[in-house]
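J.: My questions all concern the structure below.
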Amino acid sequence: MTEKLSVVGKRVPRWRAHDKATGTAKFLADTKLPGMLEGKILFSPHAHAKILKIDTSKAEKLPGVEAVITWEDVPNKLFNPNKLDLILVHPELEFKDTYVLSEKARFVGDRIAAVAAVDAATAQEALELIEVEYEVLPAVFDPMEAMKPGAPKLHDFAENNISVHFDFPVAWGDAEAGFQEADIVVEETFRTAKNHICQFEPCTCMADFGADGRLRIWSPSQHAFLHRRKIAEIFDMPEGMIQWITPHVGGAFGKYGSLSIEPVCVALAKKAGRPIKLELSREEDLFATEPRQRYVSTGKIGLKKDGTITALQEKIIVDGGAYYTHNFSTTAVNMGGFLGLYRCPNVAAEATCVYSNVHPTGGVRGYGNHEGTCMLEQLVDKAADKLGMDPLDLRLKNAKKAGDPSSTGIPMETCSFEEMIKLGAEKIGWKEKRARKKEDGPKRYGIGIGIAMDVSGAQPFNIQHRNAFIKFNEDGSVNLLLNAADLGQNIIGAMAQIAAETLGLNYEDIHVVTGDTDSTLYDIGQHASGGCYQIGNAVINAAEKAKKQLLERAAKKLEAAPEDLEVREGHVYVISDPEKTISVGDVSREAMYNFEGEHLNISGQGSFSPVQNPPPLSAVFTEVEVDIETGEVKVLKILYVADPGRAINPATVEGQLEGAIAQSLGYVLTEEYVSNRETGALESDNLNTYKVPSTLDMPETEVVLYEEPVPSGPFGAKGIAQGAMIAVTPSIANAIYDAVGVFVTDMPATAERILEGLK
Amino acid sequence: MKKEIASFKVNDRAHEVLITPNMTLSELLREHLGLTGTKNACGAGECGSCTVLVDGKPILSCSTLAIAVQDKEILCIEGLSRGPELHSLQEAFIDAGAIQCGFCTPGMIMTAKAMLEGNPNPTRDQVKEGLGGNICRCTGYVKIIDAVMGAADTLSKGGK
Ligand code: FES
Ligand code: FES
């Protein structure tokens with residue numbers, strides 16, 4: 001693409017940056033409704049228990065308490081908090097196993113009852129007055145144990161606690177034959193980290209049944225329309241009777257891809273007949289909302305002596321926790337990442353999803369691909385070691401190119417892994433550093449690489465419909481209506497840039513309306529890094545339609561043909577006679593206010609359903625220093641080379657990558673989600689024990705945007721945010737392997753585990 | 001619990017509030033004065049999101065009793081800008097792309113303000129050190145540090 005861009009590609013301030021910098025941006029915890037009550041949830045103290053009796057009378061009598069609910073007050077209807085069953089091509093692999101409140105507790109933190117009171121302190125006091133008689137059942141905390149005959153059973157339908165066993169649905173070649181052909185085979189079993197996203201704003205929700213009978217829900221959902229449909233199903237309401245409002249979101253990273261406390265909040269609002277706010281504490285957020293699945297996964301790679309990969313295979317036990325949620329979908333994506341990153345003619349994978357009495361898991365940034373790719377990338381380094389090859393050369397040998405299928409199976413329009421790897425290697429000084437002496441007293445130096453491809457949406461596996469609407473105001477500014485939650489990734493700002501560029505307006509001329517299912521068109525929501533690519537195309541479509549109306553109208557005024565007109569910075573010009581011009585505002589205003597009977601509010605509705613799924617690409621280089629006496633890993637530098645297609649706003653794209661670097665550091669080194677082995681209670685339930693990286697943990701970082709615009713993308717853009725951790729994590733693990741030869745199979749790689757590995 | 005009237009000076013304005021002895025400063029600001037710019041990401045002194053300045057010093061308002069800061073000069077994010085005119089730190093955070101979800105931003109800016117008052121020309125490492133108690137889950141801190149360095153520059157050249 002060679003056209004000159006005036007708004008796209010510029011580092012303009014993100015949407016609502018001013019409000020966030022001045023403290024005026026309202027998050028849910030900052031909001032109050034008239035007559036609002038505050039809610040609190042009673043969580044199960046037992047990992048596995050049946051409720052024999054639950055007496056709420058004392059709690060109800062406490063002054064200030066307006067409603068108490070238990071399993072008897074909520075719809076007797078199972079659901080899956082994961083929205084994907086509504087849009088998945090294979091919904092039969094999704095199970096409904098969750099109630100709003102349950103008669104049976106399956107993990108420490110399961111929802112037993114809830115209270116609404118005049119304030120949170122009263123609600124809390126009331127919780128302590130609820131008397132529950134539990135029959136404590138034997139519990140099982142390990143998926144291997146859970147599969148054994150005679151293990152405590154969590155859900156009636158799941159024999160041996162196995163919810164589903166499935167093969168990678170779109171495998172190709174003959175894996176067995178591929179391994180026969182191989183000169184070497186490397187096989188390792190990994191235990192990935194059950195890491196919590198710990199988004200900074202603790203989970204909060206408000207709900208209210210208005211006098212008009214309509215239900216209003218305020219919740220930072222990533223999928224307002226799909227979650228609205230879920231609530232409609234659970235509470236047996238027509239979708240149109242529910243308005244879902246998405247406020248500012250204090251970080252999400254996949255967290256709000258599941259319904260979380262909304263159903264409880266709605267049930268409380270229904271019972272109390274008053275607006276309810278339900279706000280989790282940090283501790284509750286950590287134990288009662290979904291972390292990542294833990295995969296116990298055996299990966300196998302076969303290669304020829306020259307490094308050609310002949311076969312890949314993965315066998316996964318999914319330690320998904322007490323409820324099913326995203327078990328199937330994250331695992332299928334895990335397989336896609338593991339099997340689809342490199343050229344390989346023969347692949348196979350299978351997975352067994354297992355229930356146990358640990359905290360249920362969900363979709364977290366990277367959505368399975370993070371773990372699948374990380375295992376593969378570590379195996380590649382081990383294979384390189386065995387072959388005596390430079391791991392960088394081994395990657396170059398097998399890297400995919402344009403025209404090859406991506407990990408979703410769709411042929412890629414562009415793919416410059418080779419150039420990106422070479423660029424990064426050059427910048428970091430790979431050859432010299434790899435050859436460098438490792439020792440410096442007890443400190444050992446290492447350098448590693450990881451590469452990854454992610455997605456720009458979930459086609460062809462999910463329905464992916466997007467809509468946008470544009471309407472002009474009298475002054476020539478426009479309203480852009482869409483339903484996209486700004487989770488921090490700046491989707492709104494990027495969409496405004498795309499609209500401005502397409503319409504020939506300034507960034508400031510685009511006023512976005514979002515976050516309200518009543519006033520925006522249907523959108524499947526923010527997942528799989530599909531927002532920028534997919535909604536961006538819908539916005540262009542809407543803008544082009546509106547622009548056509550604008551130019552037709554302007555053509556009459558300027559006495560020129562519409563094809564001879566262009567719009568720049570808010571003015572329409574005649575191309576063949578640039579002296580002739582009219583402001584967009586004048587055209588728009590005249591269209592609204594005229595006596596010629598040709599009234600028009602210039603507008604356009606755009607839609608998009610993708611055919612392509614261009615993967616954003618990453619190549620990451622990490623330098624570490626490992627202290628062999630203490631086992632401590634110090635990350636020295638991370639260089640991230642990313643291909644986002646086109647960076648609509650380079651500052652916010654860089655921000656996604658830099659943030660992901662920090663999250664990967666936490667994943668690999670410090671963030672350990674630990675449950676007590678006896679009770680199943682979460683032990684890492686605050687920010688002192690669940691260690692999120694601070695400034696002091698951050699290494700030197702460098703981000704390089706290798707922009708290769710993709711033809712099907714809006715101005716060439718692909719998705720970037722979800723996939724940003726994927727290559728970082730294995731690059732750190734591989735650097736540790738280079739430094740001290742410890743092959744990290746159990747994350748996080750704490751000092752103890754490194755020391756253990758050094759033995 | 002016994003309630004009493006206490007007087008506070010917040011963002012240069014005097015307030016009289018009926019408080020209980022166990023009320024935290026964060027509660028006072030958020031619930032009673034409607035100053036919700038100050039955030040509570042942990043409520044337990046572990047994250048820095050609730051940082052405000054008391055007599056120019058950064059303190060964690062979630063872990064400070066309101067009663068202890070009576071009649072002191074309290075400054076929170078809402079008091080930083082003067083009408084439409086933003087403080088250099090706020091400008092710098094916006095321009096550097098240092099804000100993502102924005103939940104950590106008020107605490108970061110207040111901590112940075114106190115730091116720059118003590119050390120107007122910090123090195124990058126000193127900024128890292130100074131912000132060590134403020135968690136941000138989104139940004140990886142790079143652009144936050146850029147912003148603070150940028151604001152230090154503006155301020156040392158006489159900016160506001
Ligand atoms: S809310 Fe005060 S330190 Fe986290
Ligand atoms: S911007 Fe989200 S926590 Fe810092």
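The values are calculated or read from the model by the stated rules, or taken from the named source; none is laboratory data. Treat the numbers as computed from the prediction; the structure is a model and nothing was measured. Neighbour counts are summed over all protein chains in view; Cβ atoms, including those assigned to glycine, are modelled from backbone coordinates with ideal geometry. SASA here: full protein model, heavy atoms, side chains in, ligands and nucleic acids out. Shrake-Rupley method; radii C 1.70, N 1.55, O 1.52, S 1.80 Å.
Table: residues versus (1) more than 27 Å from A:R282 (Cβ to Cβ); (2) away from ligand 2 (no atom under 16 Å from the Cβ); (3) open to solvent by 10 Å² or more (accessible area, probe 1.4 Å); (4) not assigned by TED's automatic domain parsing to the domain that holds B:L35.
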{"residue": "B:K72", "(1), (2), (3), (4)": "yes, yes, yes, no"}
{"residue": "B:A96", "(1), (2), (3), (4)": "yes, no, yes, yes"}
{"residue": "B:P106", "(1), (2), (3), (4)": "no, no, no, yes"}
{"residue": "B:E117", "(1), (2), (3), (4)": "yes, yes, yes, yes"}
{"residue": "B:N121", "(1), (2), (3), (4)": "yes, yes, yes, yes"}
{"residue": "B:E129", "(1), (2), (3), (4)": "no, yes, yes, yes"}
{"residue": "B:G132", "(1), (2), (3), (4)": "no, no, yes, yes"}
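J.: Still on this model: Being farther than 18 Å from B:S88 by Cα and surrounded by fewer than 17 Cβ atoms within 10 Å (Cβ to Cβ), is that true of even one residue in region B:137-149?
T.: For region B:137-149, residues farther than 18 Å from B:S88 by Cα and surrounded by fewer than 17 Cβ atoms within 10 Å (Cβ to Cβ): absent.
J.: Now for a different question. Here are B:T51, B:T20: which of them is farther than 28 Å from A:S684 by Cα, within 14 Å of chain A (Cβ to nearest Cβ) and either of a type in the set (S, T, Y) or within 16 Å of ligand 2 (Cβ to nearest atom) (or both)?
T.: Sole residue among the options that is farther than 28 Å from A:S684 by Cα, within 14 Å of chain A (Cβ to nearest Cβ) and either of a type in the set (S, T, Y) or within 16 Å of ligand 2 (Cβ to nearest atom) (or both): B:T20.
J.: Separate question: Out of A:T246, A:T204, which single residue is surrounded by fewer than 24 Cβ atoms within 10 Å (Cβ to Cβ), under 29 Å from B:C50 (Cβ atoms) and among the hydroxyl-bearing types (S, T, Y)?
T.: Within the list A:T246, A:T204, the selection yields A:T204.
J.: Tell me, which residue of region B:142-160 that is within 8 Å of chain A (Cβ to nearest Cβ) and more than 17 Å from the chain's Cα centre (by Cα) is nearest to A:E658 (Cα to Cα)?
T.: Ranking the candidates gives B:V142 first.
Listed here are the residues, each with its yes/no results for (1) farther than 30 Å from A:D393 by Cβ; (2) modelled with pLDDT under 95; (3) in contact with a strand residue (DSSP E or B) (Cβ under 9 Å, 6 or more places away or on another chain); (4) more than 14 Å from chain B (Cβ to nearest Cβ).
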| residue | (1), (2), (3), (4) |
| --- | --- |
| A:T246 | yes, no, yes, no |
| A:G250 | yes, no, yes, no |
| A:K270 | yes, no, yes, yes |
| A:E279 | yes, no, yes, no |
| A:E284 | yes, no, yes, no |
| A:Y295 | no, no, yes, yes |
| A:I301 | no, no, yes, yes |
| A:K305 | no, no, yes, yes |
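J.: Here's a follow-up. Please determine, by comparing only the residues of region B:55-70 that are within 14 Å of ligand 1 (Cβ to nearest atom) and open to solvent by 10 Å² or more (accessible area, probe 1.4 Å), which one is farthest from the chain's Cα centre (by Cα).
T.: Here the answer is B:L65.
J.: A:Y445 passes all but one of (1) within 30 Å of A:G336 (Cα to Cα); (2) of a type in the set (F, W, Y); (3) surrounded by fewer than 22 Cβ atoms within 10 Å (Cβ to Cβ); which number fails?
T.: The number of the failed condition is (1).
J.: Would you kindly identify the helices (runs of 4 or more DSSP H) lying entirely within region A:320-423 that contain at least 3 residues that are polar (S, T, N, Q) and touching a strand residue (DSSP E or B) at 6+ places or on another chain (Cβ under 9 Å)?
T.: Hits in region A:320-423: A:327-340, A:369-387.
J.: Please state which one of A:L37, A:L84 is away from every other protein chain (no Cβ under 11 Å), buried (at least 23 other Cβ atoms within 10 Å of the Cβ) and at pLDDT below 95. Step through it out loud before you land on a result.
T.: On the way: A:L37 fails: at pLDDT below 95.
Result: A:L84 is the single residue among A:L37, A:L84 that is away from every other protein chain (no Cβ under 11 Å), buried (at least 23 other Cβ atoms within 10 Å of the Cβ) and at pLDDT below 95.
J.: Could you grab me the full set of residues in region A:271-302 that are of a type outside the set (A, V, I, L, M, F, W, C), closer than 25 Å to A:Y256 by Cα and part of a loop (DSSP other than H, G, I, E, B)?
T.: Listed by number, the residues that qualify are A:R274, A:P275, A:S281, A:T289, A:E290, A:P291, A:R292, A:Q293.
J.: Going through region B:29-48 one residue at a time, which ones are within 11 Å of ligand 1 (Cβ to nearest atom), more than 7 Å from chain A (Cβ to nearest Cβ) and on the phi > 0 side of the Ramachandran plot?
T.: B:G45, B:G48
J.: What are the residue pairs meeting all of these: first residue in region B:21-44, first residue farther than 12 Å from B:I77 by Cα, second residue in a loop (DSSP other than H, G, I, E, B) and more than 14 Å from ligand 1 (Cβ to nearest atom), Cβ atoms under 9 Å, and 6 or more apart or on different chains?
T.: B:P21/B:M1; B:P21/B:K2; B:P21/B:K3; B:N22/B:M1; B:L28/B:L35; B:E31/B:M23; B:H32/B:M23
A quick yes/no check of all residues on (1) in contact with a strand residue (DSSP E or B) (Cβ under 6 Å, 6 or more places away or on another chain); (2) at pLDDT 95 or above; (3) not hydrophobic (A, V, I, L, M, F, W, C):
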site: A:E176; (1), (2), (3): no, yes, yes
site: A:I184; (1), (2), (3): yes, yes, no
site: A:C203; (1), (2), (3): no, yes, no
site: A:F209; (1), (2), (3): yes, yes, no
site: A:R216; (1), (2), (3): yes, yes, yes
